[in-house]
Amino acid sequence: MRATTQVLALLAIMTFGALFGAAVAQAPAQQQAAPDILEYKGIVAAAREAEVAPRLDGLLSKINFTAGQLVKQGDLLFEFASKSNELSLALAQANLKQAEAQLALAEVNLKNKQTLRAKNVGSEMELLEMQAQRDIAAAKVEEVRANKAMAEIALQQTKLYAPISGVISRPLIKEGAYITKEARDQSRLATIIQLDPIHVVGQATAAMYFQRGTALKTLEQTAEQREFGLVLPTGEKYPHKGRVVAGTYEFNPATQTTEVTVEFPNPDYLLRPGLNVTLQSMVRTQ
């Protein structure tokens, strides 16, 4: 009987020791902090937008794109009838040649007067008058050169090119329309939205904002200490990481949220403006 009691006591001690040992082994895992990941709603927005606007009065003769097309910076988008501008440039070039010829003639006459004056044949007044005529001719050349440069610019503006790369809107005017000054002051021809990189504007709640002293950090400190990920509406994780680029200085009184803007690479143009996503902020791994 005593042997049986001793065996039971020994088994109890061994069982308690095993349970205690397991609890000790599990304690470090339970004490490890959960990943510091903050999640909040976000919406995709264009990083840059550019408007293509008319720069002169004229007849729109050709549109070289379609709505939703991907265009590259420098692509030709609109062409205006350019005949009158070509004639204006030709006239400016002819005027420049005439002015340069008059300047050359004035310089020859001045040189002759200087020679005569050195021989004490001509008067000082005649020499001064000839110098003034040369200066007037030189000023005329500068004026005509400026007119020629303006004519060149006007001719260049008959063709409008994409200022940035991105997706272009539908043309807001039709071929054959005549653009007037009044229309130029209040209209645009198209809008281009840059897709790579692209922004995600997140709405951080007050609780998230003040968590772990976030309120005291600058954008630079946040960028150094935290990295940003993205969860798509499908539940899949976006493959690229983002960096914080901007933040507001105030809270929305109605929602008690503040905005943070994160920039993501978008090489495949998967993210499009207006898409609702989930923005994730986590401690940057060293």
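The values are calculated or read from the model by the stated rules, or taken from the named source; none is laboratory data. In this text, all values refer to a predicted model and were calculated from it rather than measured experimentally. Methodologically, a virtual Cβ is constructed for each residue, glycine included, from the backbone with ideal geometry; neighbour enumeration extends over all protein chains shown. These area figures cover heavy atoms from the full protein model, side chains too; ligands, DNA and RNA do not enter into them. Shrake-Rupley method; radii C 1.70, N 1.55, O 1.52, S 1.80 Å.
Report yes if some residue within segment 79-98 is under 30 Å from Ser165 (Cβ atoms) and part of a strand (DSSP E or B); otherwise report no.
Within segment 79-98 (the criterion being under 30 Å from Ser165 (Cβ atoms) and part of a strand (DSSP E or B)), the answer is yes, since at least one residue qualifies.
For the subset of segment 77-106 comprising residues that are among the hydroxyl-bearing types (Ser, Thr, Tyr) and crowded, with 16+ Cβ neighbours inside 10 Å, which member is nearest to Gln194 (Cα to Cα)? Break it down stepwise before answering.
Restricting attention to segment 77-106, the residues satisfying the condition of being among the hydroxyl-bearing types (Ser, Thr, Tyr) are 82, 84, 88.
Adding the requirement that they be crowded, with 16+ Cβ neighbours inside 10 Å leaves 82, 88.
Working: Ser82: 30, Ser88: 36 Å.
So, considering only residues that are among the hydroxyl-bearing types (Ser, Thr, Tyr) and crowded, with 16+ Cβ neighbours inside 10 Å, the one nearest to Gln194 (Cα to Cα) is Ser82.
Looking at (1) at pLDDT 85 or above; (2) surrounded by fewer than 16 Cβ atoms within 10 Å (Cβ to Cβ), find the lone condition where Phe228 falls short.
Result: Phe228 passes all but (2).
When residues of segment 253-286 are filtered for being at pLDDT below 90, within 13 Å of Tyr40 (Cβ to Cβ) and either open to solvent by 40 Å² or more (accessible area, probe 1.4 Å) or not in a strand (DSSP E or B) (or both), how many remain?
Summing the residues that are at pLDDT below 90, within 13 Å of Tyr40 (Cβ to Cβ) and either open to solvent by 40 Å² or more (accessible area, probe 1.4 Å) or not in a strand (DSSP E or B) (or both) in segment 253-286 gives 3.
Which of the residues belonging to segment 48-76 are in a loop (DSSP other than H, G, I, E, B), open to solvent by 80 Å² or more (accessible area, probe 1.4 Å) and not charged (D, E, K, R)? Break it down stepwise before answering.
First, the residues of segment 48-76 that are in a loop (DSSP other than H, G, I, E, B): 48, 53-57, 64-69, 72-75.
Checking the rest, the ones that are also open to solvent by 80 Å² or more (accessible area, probe 1.4 Å) come to 48, 55, 66, 72-73.
Scanning segment 48-76 gives Thr66, Gln73.
Restricting the search to segment 158-182, which residues are loosely packed, with under 15 Cβ neighbours inside 10 Å and at positive phi?
Listed by number, the list holds a single entry, Gly176.
Collect the residues in segment 107-128 that are surrounded by 10 or more Cβ atoms within 10 Å (Cβ to Cβ) and assigned to a loop (DSSP other than H, G, I, E, B), keeping them in residue-number order.
Val121, Gly122, Ser123
Name the pairs: first residue in segment 91-118 and free of Cβ contacts under 8 Å to residues at least 12 places away in the same chain, second residue open to solvent by less than 80 Å² (accessible area, probe 1.4 Å) and among the polar types (S, T, N, Q), Cβ to Cβ under 6 Å, at least 6 apart or on different chains?
Sorted first by the residue in segment 91-118, then by its partner, the list stays empty.
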